[in-house]
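Some notes on the structure that comes next.
The values are calculated or read from the model by the stated rules, or taken from the named source; none is laboratory data. Note that the coordinates shown come from a computational prediction; the quantities given were computed from them, not determined experimentally. Backbone-built Cβ (ideal geometry, glycine too); neighbour counts: all protein chains shown.
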Amino acid sequence: MARDQKKARREHATIVFADECGVLMSPNVRRSWAPKGKTPILEQKTRSRTKISIMGAIATTPSFRKVSFIFRLLAGKNFGARECLAFLKQLLANLRGKVILIWDRLLAHRAVIITRFLKKQRRLTIELLPPYAPDLNPVESVWSHLKMNKMANFCPKDQGELKIKAKASVCSIRNEKDILKNLLKHVPLNFGL
């Protein structure tokens, strides 16, 4: 990773960490305060597999002065190769100059349409994280913060309400630049910080 950071500095490239997650209709139950004898009741739809998939990326300069969060929502299904390709195009539209993208080894990330797209791109370089190393990707911590803070104890009535809450929650995380910088600093990689 230190090699990639040096390369990013030399080429004035943006370093991007990306990952996917899903939020379900069932709430992430978290302890909360309530008056004595009045236990909070969370009403939810049972046996619902309805979800919102989110693909997100923390983009930063090699010096970590500027940090941004780019995301895409997908209702009712997982991110496949085509959806990952659309996200890569969104990244390139939002970022200037060269981009070094670091993500995991999901099959969709290594699909034929992704590799064909990458061969045509001069601005985008892909680096794969080692297998079974979610602790090296700061976006995993974004998802944890989203589920255990922003969306904790939330019981949506339908998929539309879930999507609205998920989008609002991710947008609020996008505006918390200090949290994003701290998540980058706590990744156990040698960034020279």
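Can Pro138 be described as within 14 Å of the chain's Cα centre (by Cα), under 16 Å from Val187 (Cα atoms) and at pLDDT below 90? When the stated conditions are applied, Pro138 does not pass them. Pairs meeting the criteria (first residue in the stretch 168-183 and in contact (Cβ under 8 Å) with a residue 24 or more places away in the chain, second residue surrounded by 16 or more Cβ atoms within 10 Å (Cβ to Cβ) and of a type in the set (S, T, N, Q), beta carbons under 6 Å, at least 6 apart or on different chains) are Leu183/Ser141. When residues in the stretch 150-163 are screened for being surrounded by fewer than 14 Cβ atoms within 10 Å (Cβ to Cβ) and assigned to a helix (DSSP H, G or I), 2 of them pass. All conditions but one from (1) in contact with a helix residue (DSSP H, G or I) (Cβ under 9 Å, 6 or more places away or on another chain); (2) modelled with pLDDT under 90; (3) within 16 Å of Ala18 (Cα to Cα) apply to Arg174; the one that does not is (2). Annotation: Ala108 fulfils all but one of (1) free of Cβ contacts under 8 Å to residues at least 24 places away in the same chain; (2) surrounded by 16 or more Cβ atoms within 10 Å (Cβ to Cβ); (3) over 15 Å from the mean Cα position of the chain (by Cα); the unmet one is (1). Number of residues in the stretch 129-149 that are within 14 Å of Pro27 (Cα to Cα) and among the aromatic types (Phe, Trp, Tyr) equals 0.
How many of the residues in the stretch 115-168 are under 25 Å from Val23 (Cα atoms) and among the β-branched types (Val, Ile, Thr)? Counting residues in the stretch 115-168 that are under 25 Å from Val23 (Cα atoms) and among the β-branched types (Val, Ile, Thr) gives 3.
Screening Thr125 with (1) among the β-branched types (Val, Ile, Thr); (2) buried (at least 16 other Cβ atoms within 10 Å of the Cβ); (3) free of Cβ contacts under 8 Å to residues at least 60 places away in the same chain gives one miss only, at (3).
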